[in-house]
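Following: one structure in structure tokens, then a few remarks.
The values are calculated or read from the model by the stated rules, or taken from the named source; none is laboratory data. As the structure is a computational prediction, the values presented were derived from the model and not from experiment. Cβ sites come from the backbone with ideal geometry, for glycine too, and all protein chains shown count toward neighbours. Heads up: the accessible areas ignore ligands, DNA and RNA and are worked out on the full protein's heavy atoms, side chains in. Shrake-Rupley method; radii C 1.70, N 1.55, O 1.52, S 1.80 Å.
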Amino acid sequence: MHSSTFSEHLYELKRRLIYVILALSISSGICYYFVQEIYLFITAPLGQLSEGGRKVIYTGLAEVFFTYLKISLLFGLLTTLPFICYQIYVFISPGLLNREKTIV
């Protein structure tokens, strides 16, 4: 069994965090490209509440941009969540016992 030094652990953590940030950035960028379709999907139940259809009203100038940004970040996080969980597992697995690995 190989015992890593503290600096090796920090290097491994830094590497895993970079992977997660890159994956989240790429996924959020792709989601921002499709944010109009995602927004229509999210607000579709709002239009079904009444016959006339309800609309979302924005009161600030940059509110639409920030709403789209939040949607793309949220859906980027949701799509990369399995990858993030895998990176967490790969980071902590060397410190787990075999019995603990089977539980995870």
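Considering region 15-62, the residues that are outside any helix (DSSP H, G or I) and hydrophobic (A, V, I, L, M, F, W, C) include one that is least open to solvent (accessible area, probe 1.4 Å), namely Ala62.
Taking each residue of region 15-39 that is acidic (Asp, Glu) and looking for partners that are in a helix (DSSP H, G or I) and surrounded by 12 or more Cβ atoms within 10 Å (Cβ to Cβ) with beta-carbon atoms closer than 7 Å, six or more apart or interchain, yields nothing.
Of all residues in region 81-104, those that are among the hydroxyl-bearing types (Ser, Thr, Tyr) have Cβ atoms under 7 Å from Cβ atoms of residues that are part of a helix (DSSP H, G or I) and open to solvent by less than 100 Å² (accessible area, probe 1.4 Å), 6 or more apart or on another chain, in Ser93/Lys101.
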